[in-house]
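The values are calculated or read from the model by the stated rules, or taken from the named source; none is laboratory data. In this text the structure is predicted, and so the values were computed from the model without any measurement. Counting neighbours? That spans all protein chains shown, and the Cβs are built from the backbone with ideal geometry, glycine included. We work out accessible area using only protein heavy atoms, side chains counted, and drop any ligands, DNA or RNA first. Shrake-Rupley method; radii C 1.70, N 1.55, O 1.52, S 1.80 Å.
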Amino acid sequence: MTSLLLGLRLSVTPAARLRTAMLALAAALGTAIVLITVAAGRHQLVTATAYQNEMPQLVLVIVAAVAMPCTVLVATVARLSASMRDRRLANLRLIGLSPNQTRLVGTGEAGGAALVGTVLGWVGFWLVRPVLLGHSPAGAAWGDFFSPTIADQVLVVVGVPTIAVLASVLPARSSVSDALAVSRRADRRPPGRWRLLPLAAGVALCLYVVASGPHEEEISDAQVVALFGGIGLTAIGMLLVLPVLVRLLTRFAAGRSLGPAQRLAVRRLEAQPAGVARIIAALLIGLFLATGARFVLVAFESTPQYVQGERNEKVEQRVEVPTTQEKAESLAGRLARIDAVTEVVDVPVLHNAQEGTEAMVATCDQLAAIDPGFEGCRDGEPMRLASEGATAHASGPTTWSAGDRVSREVVTTPADLPLATVDRPVFEALSPIYADVIIPPEMVGDLPPSTRHSLLVLGPPGPDLASRVADLGFSPSTYGTEDYDFVVTMRSVIWTVAGVVLGVGLLALLVSAIDRASQRRKEIVALQLVGLGRGVIRWAQGLETAVPVVIGSALAVGLGAVSGATYLSLDGSSTIPWEQTLVLGGVAVVGGLVVAAVSMVACAPRLRPEEIRAE
């Protein structure tokens, strides 16, 4: 107990008050952010209408992605002035304190401030919660279910101070020889090149999955193992390889002609290549996960459910009402009289049971009404519908039948039909109806009464056309909005999480950079006394901070893209979101440069006589 009280007293000494206040603030911020994320996750679990079985795993990943940079922030602030504190705890060991007593001193010093900050963050969450209700940054507006459980709150309130204590206590040396090494500031060995192996293995597994090409059939267990094993090893290898890359860069730059600022930054990075890398580890993992998740979401954006939902919301609403030849004309007239219906396209549908394909009986004007993007349509001639760039494949004559229960052959189209093309997938252009071939009406003549018709009802953008049609007694066939809403929600979640990870991660980096500069006061004073200008010292500080962040951000976003592209390689129809990936990487790099610029201001203060005497 005496050692614990000693730690509490040390935390409120004039030299430690700023650090104690910053630790309390970091704990409060981390607690509030994690509680808000957990509350949003609990709300999503209750209100989700799609992928309900997978939602707990998604929420867990999101909470973990947000919690990582918050953990690093608390741990970073808990380790402020680390060298001074380590030497002080080492000196306590040298004067006779046991290892447990030394740890209790560190626990009291960091635990008290972290506990106070955690309680303040918990109280702040409940004070802010009423203001947050009704907002919808991602998905449905937050309501009564926007609340963490008691177990969640206990875990956060206990976990945040524990992280601060562990970060403060674990580095303390338990043996006298280790304490002497700390007191004498023993140097550490450079990172070994073995760190390259996990990344090389992960990339190799990803390349194996990509080389296997798109899969129309079920993916084998070996491919699944290679996919997730490659992504996992790539993430681990990314963290391990950054100090090696920084070390190699400094070794390469050391032999070049450099200015004083560049030379000083290179020497500092060469001495401690893993210094900044440890601080930005959670930031890099967050960028890696956000980039990979955005690629994975592309697979959902290519599904017919999402395509139709997006078209309904942004372009025009489209609802199919299936009927038969004998009822089509009267139903089309009734549908056209519904409010907000702009057009009804009546399309008879034929089928070929042998090939499992369908054909629409329509004119080129009707095809243009369905989607004006189709090009090359010629009236009076049957044509195959295809995406732009497709080539006509060899085929024999095809016989088309009408009717569902009793089919009757009505027309045979010739071999090797010409193409009417559209600049996107055909299913996307025609959705919610489906057809492989368009046949002019004059080729089929009179159709039997049982011929299936698709009445395509068109309306202005919005979500309610299907419900209006259903309210009048019709049976509309359309995709629900659940999948579209899920993708939109996940997209918002990804960008929100990326923003939180970037903000908190860069804040932790800024705090660490300023603290590192303050711990070098004696070195900075000595450099100024020998004539090195403050501008040179500041540029050196900025370069030392910026280089690992820029390299790490580019590495995290690039490897996240590699992992995401590996996943998409199993689905050849998906596109790559390069633009959004570059935006995310650019924002991370710019944020790192801003942090580096701010840290430059905090170092190399004006030299005063009292500092010369003190240092």
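Couple of notes before you dig in:
- Some residue of segment 522-541 being within 24 Å of residue 234 (Cα to Cα) and modelled with pLDDT of 85 or more: no
- Subset of segment 335-365 [open to solvent by 30 Å² or more (accessible area, probe 1.4 Å), at negative phi and of a type in the set (Gly, Ala, Ser)]: 336, 353
- Among (1) in a helix (DSSP H, G or I); (2) touching a residue at least 40 places away in the same chain (Cβ under 8 Å); (3) out of contact with any helix residue (DSSP H, G or I) (no Cβ under 9 Å at 6 or more places or on another chain), the one test that residue 322 misses: (1)
- Applying the set (1) surrounded by 15 or more Cβ atoms within 10 Å (Cβ to Cβ); (2) assigned to a strand (DSSP E or B) to residue 369 leaves exactly one unmet item: (2).
- Restricting segment 173-199 to residues that are open to solvent by less than 60 Å² (accessible area, probe 1.4 Å) and closer than 22 Å to residue 562 by Cα leaves a set whose member that is modelled with the lowest pLDDT is 195.
Condition check ((1) of a type in the set (Val, Ile, Thr); (2) open to solvent by less than 10 Å² (accessible area, probe 1.4 Å); (3) without any contact (Cβ under 8 Å) to a residue 40 or more places away in the chain; (4) part of a loop (DSSP other than H, G, I, E, B)) across all residues:
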site: 224; (1), (2), (3), (4): yes, no, yes, no
site: 236; (1), (2), (3), (4): yes, no, yes, no
site: 244; (1), (2), (3), (4): yes, yes, no, no
site: 249; (1), (2), (3), (4): no, no, no, no
site: 262; (1), (2), (3), (4): no, no, no, no
site: 283; (1), (2), (3), (4): no, yes, no, no
site: 286; (1), (2), (3), (4): no, yes, no, no
site: 292; (1), (2), (3), (4): no, no, no, no
site: 295; (1), (2), (3), (4): no, yes, no, no
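- Scoring residue 600 on the criteria (1) open to solvent by less than 10 Å² (accessible area, probe 1.4 Å); (2) out of contact with any Cys (no Cβ under 6 Å at 6 or more places or on another chain); (3) modelled with pLDDT under 85 leaves a single failure, condition (1).
- Taking the criterion of being more than 30 Å from residue 591 (Cβ to Cβ) and β-branched (Val, Ile, Thr), the residues of segment 445-502 that qualify are 451, 457, 469, 478, 481.
- When residues in segment 495-534 are screened for being in a helix (DSSP H, G or I), open to solvent by less than 40 Å² (accessible area, probe 1.4 Å) and more than 30 Å from residue 63 (Cα to Cα), 5 of them pass.
- Selection status of residue 473, assigned to a loop (DSSP other than H, G, I, E, B), over 12 Å from residue 350 (Cα atoms) and open to solvent by 40 Å² or more (accessible area, probe 1.4 Å): yes
- Screening 492, 467 for residues that are farther than 22 Å from residue 360 by Cα, polar (S, T, N, Q) and either in a loop (DSSP other than H, G, I, E, B) or open to solvent by 50 Å² or more (accessible area, probe 1.4 Å) (or both) leaves exactly one candidate, 467.
- Qualifying residue in segment 301-308 (condition: closer than 30 Å to residue 64 by Cβ, among the aromatic types (Phe, Trp, Tyr) and at pLDDT below 85): yes
- Filtering segment 420-451 to residues that are open to solvent by 40 Å² or more (accessible area, probe 1.4 Å) and either in a helix (DSSP H, G or I) or farther than 17 Å from residue 345 by Cβ (or both) leaves 423, 424, 425, 427, 428, 441, 442, 443, 445, 446, 449, 450.
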